[in-house]
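First up is the structure itself, then whatever we jot down about it.
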Amino acid sequence: MRVQLVRAWPGRCETTEVEVPEGACVGDALRATGWRCEPPFVGLAIFGQLADASTRLQDGDRVELLRPLQLDPKEARRRRAEARKRTA
């Protein structure tokens, strides 16, 4: 089965596809690409849903290597709301 792996940095994104056997897990796909979940990456997801190296894959899955949040989502919303108030 084919799975896609994605990792991104500010201003840059890398994507690759690999062929893995039925029953493969995220760790198998990472090994097939030579990628590792090490800094700056802190987590894994499949189509945005948290996963780990032992999570089983399905054909067509997209494995994402995640970086830490740079800003708390609540704080980002608060800042956008304040900016809208100043321009209104």
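Read the figures in this text as sums done on the coordinates, not as results from a lab. Bear in mind the structure is a predicted one, so any value in this text is a computation, not a measurement. Here Cβ is always computed from backbone atoms with ideal geometry, including for glycine, and neighbour counts include all displayed protein chains.
Here are a few things to note about the model shown:
- In a DSSP loop and with at most 11 other Cβ atoms within 10 Å, the chymotrypsin sites (Phe, Trp or Tyr not before Pro) in the stretch 1-64 are F47.
- Sorted by Cβ density within 10 Å, fewest first, the residues C13, C25: C13, C25
- Fluctuation leader among P73, P40, P21 - the chain, Gaussian network, Cα springs under 10 angstrom: P73
- Neighbour cut-off at most 14 other Cβ (10 Å), DSSP loop, trypsin sites (Lys or Arg not before Pro), the stretch 23-69: R36
- Charge tally in the Cβ shell below 12 Å around Q4, where Lys, Arg are +1 and Asp, Glu are -1, Q4 excluded: -3
- Sum of side-chain charges, G43 neighbourhood, beta-carbon under 13 Å (Lys, Arg +1; Asp, Glu -1): 0
- Every Cα-Cα pair of the stretch 2-87 was included, and the share exceeding 15 Å stands at 61 percent.
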